[in-house]
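The values are calculated or read from the model by the stated rules, or taken from the named source; none is laboratory data. Computed from a predicted model, the values in this text were never measured in an experiment. Virtual Cβ from ideal backbone geometry, glycine too; neighbours counted across all protein chains shown. What goes into the accessible areas is simple: the full protein's heavy atoms, side chains included, and nothing from ligands, DNA or RNA. Shrake-Rupley method; radii C 1.70, N 1.55, O 1.52, S 1.80 Å.
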Amino acid sequence: MKKQSILKTSVFLVTLAALLGLLVFSVLASVTFGNADLSIREVYSVIVYELFHVERFAKFGEGAVHDVVWLIRLPRILLALAVGMGLSVCGVVMQAVVKNPLADPYVLGISSGASLGATLAILLGVGAFFGGNFVGIMAFLGALAASFAVIFLANLGGRANAGKLVLTGMAISSVCSAFSSFAIYLADSSDATAQVTYWTMGSLANTKWSEIQVILPVMIVGTLIFWSQFRNLNLMLLGDETSITLGTDLHRVRMFYMALSSIMVGFAVYAAGMIGFVGLIIPHVIRMFFGTDHKKMIPLCALAGAIFLIWADVACRSILKNSEIPVGILVSMIGAPCFIYLMIRRSYGFGGAK
């Protein structure tokens, strides 16, 4: 048993190091892809100058090449890293919180709340006083409002449990979706309706460094907090009754995990719109190979989710000439068949055991 435990730990550490190396490679390699025909030398000359201000590369400190690499490609790659990491980790946490391997970050109405916030902003101008990013800010506020509404309603008439959270989330999701559809139905502007539709498809375009400076630290800190809570997350899979007999009341930590997950998903929605399946597929794949221990799952899912979304974004901006596919569409096209395959391949539950 001791040798087996050492072997499992070794496999985990090797995999973790491999994924970390692959993430670094993905960031460095993906910046060379895009519709603009730039050489590798030009791309890295811009990056070296911006990072180290080497005088010999000073000519790359401005101009079209500089803007494409430093202001367009690199920020969206780092956003893909942050969003992929956040959605994957929140997917793991939500699956533990509601004890449902089919849960993802949007299962508790967060997705529909964000969609309602964005719809009201685009069609009715709600939140315009927030400035140029008011659509994303309203989506963020909508996600938070929906999440906290679920927490409040699930605690009415007694403490919230996994079942009440799922049912309340479904109800909130239906209400938000209904109001979004009603607003779209009443809208006279076809342009605004098209904008709502495009936003719900998800996109990493038009990312700014100011957004990265906020979103990336939020995702990293949130991931580290959840990683430190692996014992409680493991305990949640055993159920509330078992946890109480072991001397741990999971009610408060469950509410805290929901709130933190909502903040992380809210930031992801604010920056990239609606991107599904990342928080569902990545935890399933990792769980099938490494089991249900969240001490291993959290860091592996964070790295795998970041890598997956980086290369999904590369495909989105490389498949079509002089155009790009919304990343939410491509992720769904990849994620749905993969999920069906995983379900057919074996009788799947927590841990992937038959």
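Applying the selection to the range 43-66, what residues are acidic (D, E) and either touching a strand residue (DSSP E or B) at 6+ places or on another chain (Cβ under 7 Å) or within 28 Å of L303 (Cα to Cα) (or both)?
Start the filter on the range 43-66 by keeping residues that are acidic (D, E), which leaves 50, 55, 62.
Scanning the range 43-66 gives a single hit, E50.
Got a sec? Which of S147, S180, S173 is open to solvent by 20 Å² or more (accessible area, probe 1.4 Å) and outside any loop (DSSP other than H, G, I, E, B)?
S173
Collect the residues in the range 211-241 that are over 17 Å from T292 (Cα atoms), loosely packed, with under 15 Cβ neighbours inside 10 Å and free of Cβ contacts under 8 Å to residues at least 40 places away in the same chain, keeping them in residue-number order.
Listed by number, the residues that qualify are Q213, P217, V221, L224, E241.
State yes or no: is S30 modelled with pLDDT of 90 or more and under 30 Å from G239 (Cβ atoms)? It would help to see each step written out before you state the result.
Numbers: modelled with pLDDT of 90 or more: yes; under 30 Å from G239 (Cβ atoms): no.
Against the criterion (modelled with pLDDT of 90 or more and under 30 Å from G239 (Cβ atoms)), S30 does not qualify.
Name the residue that is least open to solvent (accessible area, probe 1.4 Å), counting only residues in the range 242-259 that are without any contact (Cβ under 8 Å) to a residue 40 or more places away in the chain and hydrophobic (A, V, I, L, M, F, W, C).
Within the range 242-259, the match that is least open to solvent (accessible area, probe 1.4 Å) is L250.
Could you list all residues from the range 52-69 that are among the aliphatic types (A, V, I, L, M), closer than 17 Å to K208 by Cα and either touching a residue at least 40 places away in the same chain (Cβ under 8 Å) or out of contact with any helix residue (DSSP H, G or I) (no Cβ under 6 Å at 6 or more places or on another chain) (or both)?
A64, V68
Of all residues in the range 26-48, which are open to solvent by 40 Å² or more (accessible area, probe 1.4 Å) and over 16 Å from R76 (Cα atoms)?
Answer for the range 26-48, where residues must be open to solvent by 40 Å² or more (accessible area, probe 1.4 Å) and over 16 Å from R76 (Cα atoms): D37, S39, I40, R41, E42, Y44, V48.
What helices (runs of 4 or more DSSP H), lying completely within the range 226-289, carry at least 2 residues that are modelled with pLDDT under 90 and among the hydroxyl-bearing types (S, T, Y)?
240-245, 251-272
Restricting the first residue to the range 129-141 and requiring it to be without any contact (Cβ under 8 Å) to a residue 60 or more places away in the chain, which pairs with a second residue that is surrounded by fewer than 24 Cβ atoms within 10 Å (Cβ to Cβ) and outside any helix (DSSP H, G or I) meet a Cβ separation below 7 Å and a spacing of at least six or different chains?
Short answer, once both residue conditions are applied: F134/G127; M138/V126; M138/G127.
Go through (1) buried (at least 24 other Cβ atoms within 10 Å of the Cβ); (2) at pLDDT below 85 and name the single condition N161 misses.
So N161 meets the others, but not (1).
Within the range 49-78, take every residue that is within 29 Å of the chain's Cα centre (by Cα) and over 15 Å from A205 (Cα atoms) and give me the one that is surrounded by the most Cβ atoms within 10 Å (Cβ to Cβ).
Among those that are within 29 Å of the chain's Cα centre (by Cα) and over 15 Å from A205 (Cα atoms), it is H66.
When the range 292-321 is examined, which residues are found to be more than 17 Å from C338 (Cβ to Cβ), open to solvent by less than 20 Å² (accessible area, probe 1.4 Å) and among the small types (G, A, S)?
Matches in the range 292-321: A302, A306.
Basic (K, R) and within 17 Å of L78 (Cα to Cα): does that describe R287? So that I can check it myself, show each step before the final result.
On the way: basic (K, R): yes; within 17 Å of L78 (Cα to Cα): no.
Answer is no for this residue.
Within the range 238-264, work out how many residues are among the hydrophobic types (A, V, I, L, M, F, W, C) and closer than 20 Å to A302 by Cα.
Result for the range 238-264: 6.
For the range 193-209, which positions are surrounded by 14 or more Cβ atoms within 10 Å (Cβ to Cβ) and either part of a helix (DSSP H, G or I) or β-branched (V, I, T) (or both)?
T193, Q195, V196, Y198, W199, T200, M201, T207 - these are the residues of the range 193-209 that are surrounded by 14 or more Cβ atoms within 10 Å (Cβ to Cβ) and either part of a helix (DSSP H, G or I) or β-branched (V, I, T) (or both).
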